[in-house]
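The values are calculated or read from the model by the stated rules, or taken from the named source; none is laboratory data. These numbers were taken from a predicted model, which means no experiment stands behind them. In this analysis, Cβ positions are derived from the backbone assuming ideal geometry, glycine residues included, and neighbour counts consider all displayed protein chains.
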Amino acid sequence: MSKARDEVLAERQRQMDQEGYDRTHDAEHDPEELIRAALVYTLTSLAHPDANGHVSVGMECRGVKLNWMESATALWPWDGGPKPKTQRRDLVRAAALLIAALDRLED
């Protein structure tokens with residue numbers, strides 16, 4: 001668990017240092033936007049091949065068919081769109097965005 005924790009904290013630090021997405025910047029956004037961005041990267045993580053090379057395109061939930069990438073694009077809170085990388089990287093980014101959202105709720 002410490003490797004994952006370290007990756008998430010390093011990503012959050014990178015977001016602040018390299019992207020300028022610090023608490024001052026985050027205060028310009030509703031916490032919901034940060035949560036939606038985290039959800040998007042969680043969804044894109046599902047669209048990567050598993051150990052057997054199988055890619056999950058989506059699922060059916062309560063009679064509604066969901067496509068991970070279409071859902072992710074529709075939920076993205078800002079201009080442009082998500083930039084999926086690898087499954088692990090997308091999950092790390094999602095967790096770092098959740099930390100930002102939690103920090104934002106404290107303000």
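Observations
- Summed over the range 8-29, the residues that are under 19 Å from PRO82 (Cβ atoms) and touching a Lys or Arg at 6+ places or on another chain (Cβ under 8 Å) give a count of 3.
- Scanning the range 55-88 for residues that are among the β-branched types (Val, Ile, Thr) and either closer than 19 Å to HIS29 by Cβ or surrounded by 10 or more Cβ atoms within 10 Å (Cβ to Cβ) (or both) returns VAL55, VAL57, THR73, THR86.
- Looking only at residues in the range 49-105 that are of a type in the set (Phe, Trp, Tyr) and part of a loop (DSSP other than H, G, I, E, B), the one that is nearest to the chain's Cα centre (by Cα) is TRP76.
- Residue in the range 3-54 that is nearest to LEU91 (Cα to Cα), counting only those that are modelled with pLDDT under 90 and surrounded by fewer than 11 Cβ atoms within 10 Å (Cβ to Cβ): ASP50
- Residue count, the range 21-48 (criterion: over 14 Å from TRP78 (Cα atoms), in contact (Cβ under 8 Å) with a residue 60 or more places away in the chain and not in a loop (DSSP other than H, G, I, E, B)): 1
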